[in-house]
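See below for the structure under consideration.
The values are calculated or read from the model by the stated rules, or taken from the named source; none is laboratory data. What you see is a predicted model; the values in this text were computed from it and never measured. Glycine also receives a Cβ, built like all others from the backbone with ideal geometry; neighbour counts cover every protein chain displayed. The accessibility values were calculated without ligands, DNA or RNA, using every heavy atom of the protein model including side chains. Shrake-Rupley method; radii C 1.70, N 1.55, O 1.52, S 1.80 Å.
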Amino acid sequence: MKNKKNIKNEPDKTKIILIIIMIGLFICVSGLFWGRYISTKGLVVKEYPIKTKELSNNYDGFKIVHFSDLHYGSTVGLKELKDTVKKINKLNPDIIVFTGDLIENNVKLSKKELNNIIKELNKLKPKIETLAVIGNHDYDHDYWNKIVPNLDWTVLDNTYKYVYNGSNEKIVFVGFDDLTEGKPDYDNAFSFLNEQTEKLYTIVLAHESDQVDEISDYEFNLVLSGHSHLGQVRLPLIGALYTPIGSKKYFDEHYKIGNADLYINGGIGTSFVKLRFFNKPSINLYRFYTQ
């Protein structure tokens with residue numbers, strides 16, 4: 001029979017369980033706070049070198065800045081938008097591209113807010129121009145049609161655009177309608193092939209990264225996409241926990257597609273849940289090296 005001294009020294013199992021539960025709750029609450037209020041802030045710039053022999057020295061140092069999935073109204077407000085515009089302009093881009101999802105769904109914007117968004121986006125100053133494609137959430141409301149026509153953007157809706165960098169040597173940007181909500185027309189987007197005898201360096205803009213499998217019959221050099229947010233919530237050694245339809249196959253930062261490169265932007269805002277883990281909001285800078 002145990003004496004009173006031994007009984008008194010035995011650990012209180014109930015107390016230990018309560019301590020473990022409290023520690024677990026503290027970790028969960030701290031993690032949610034970090035994912036909501038810390039990890040969703042602090043826009044970072046990711047730079048990728050684009051090495052190619054397909055272009056002359058006229059394009060050596062050519063810079064494209066790529067932003068995507070702004071989802072204004074989620075974890076992004078006017079302050080974050082201003083910061084994004086300033087960071088993009090500071091990179092002194094030749095071309096700016098936006099690959100869809102401008103405003104978060106279920107967001108109601110006042111006329112003043114709309115005007116502020118238009119005002120800030122019109123402060124983007126590429127050396128040449130800004131090109132854009134529509135995203136699936138841009139079909140959830142009419143804000144795309146209220147904002148984008150008031151911007152100095154060229155929207156590539158199943159079409160293409162030639163770009164010149166201070167010489168007669170041109171490259172071509174190709175853009176599609178949204179995969180899940182729109183009506184992509186790849187033949188029309190690549191119709192420049194019917195009028196060209198020379199091979200052009202071709203850059204594809206697509207909101208959903210999985211669209212790359214739909215254009216395997218065409219020649220292209222570079223694909224810039226968004227939509228996946230790189231998973232938005234990522235864990236070390238595991239990566240993305242979930243990606244939406246349209247980015248089930250391609251959802252990480254970079255893939256090699258034959259001889260072409262696919263780069264996916266991690267986005268600035270959030271969708272579905274206002275959380276980010278191990279995946280800061282970001283914009284991409286692509287710097288060309290032709291030598």
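Counted over the chain, the DSSP beta bridges are approximately 30% antiparallel.
Cut-off 10 angstrom, C-alpha nodes, Gaussian network model of the chain. Which of Ser68, Ser167, Ser228 fluctuates the most? Residue with maximal mean-square fluctuation among Ser68, Ser167, Ser228: Ser167. Exposed loop positions in the chain were taken to be GluC sites (Glu not before Pro) whose DSSP state is not H, G, I, E or B and which have at most 12 other beta-carbon atoms within 10 angstrom. Between these positions, the longest stretch is 1-194. Which angle from 0 to 90°, rounded to the nearest 10, does the C-alpha axis of helix 111-121 make with the longest principal axis of the chain? So the inclination is approximately 70 degrees. Globularity index of segment 135-186 is 1.38 (Cα radius of gyration / 2.2 N^0.38 Å, N = number of residues). Accessible area per residue for segment 147-291, computed on protein heavy atoms with a 1.4 Å probe, is 45 Å².
When +1 charges are put on Lys and Arg Cβ atoms and -1 charges on Asp and Glu Cβ atoms, the dipole computed for the chain relative to its Cα centre reaches about 2480 debye. Summed over all non-identical Cα pairs, the Kirkwood treatment of the chain gives a radius of 20.6 Å. Hey, what angle do you get for helix 78-90 against the long axis of the chain, alpha-carbon based, 0 to 90 degrees rounded to 10? Approximately 50 degrees, to the nearest ten.
Just for segment 124-194, what percent of DSSP beta bridges are antiparallel, to the closest 5? Counting DSSP beta bridges with both partners in segment 124-194, the antiparallel share is about 65 percent.
If you count Lys pairs in segment 132-263 whose Cα atoms are under 18 Å apart, skipping same-chain pairs closer than 8 places in sequence, the total is 4. Calculated FRET efficiency, Phe278 and Lys249, Cβ-Cβ r, R0 35 Å, to nearest 0.05? The pair Phe278/Lys249 has a calculated efficiency of 0.95. The trypsin sites (Lys or Arg not before Pro) of segment 99-151 that meet both conditions, a loop assignment by DSSP and at most 11 other Cβ atoms within 10 Å of the site Cβ, are Lys108. Residues whose amide H falls under 5 Å from that of Val97, counting only those 5 or more places apart or on a different chain, are Val65, His66, Phe67, Leu131, with hydrogens built in the peptide plane. Result for the chain in a Gaussian network model with C-alpha springs under 10 Å: among Asn265, Asn279, Asn116, the largest mean-square fluctuation is at Asn116. Our helix-only sum for the chain, with -39,500 (n - 2.57) per DSSP H run of n ≥ 4 divided by its residues, gives a mean residue ellipticity at 222 nm of -6000 deg cm²/dmol.
Considering only Gly258, Thr270, Leu151, and ranking their Cα positions along the charge dipole of segment 148-291 that arises from unit charges at the beta-carbon of Lys, Arg, Asp and Glu, the one farthest toward the positive end is Thr270.
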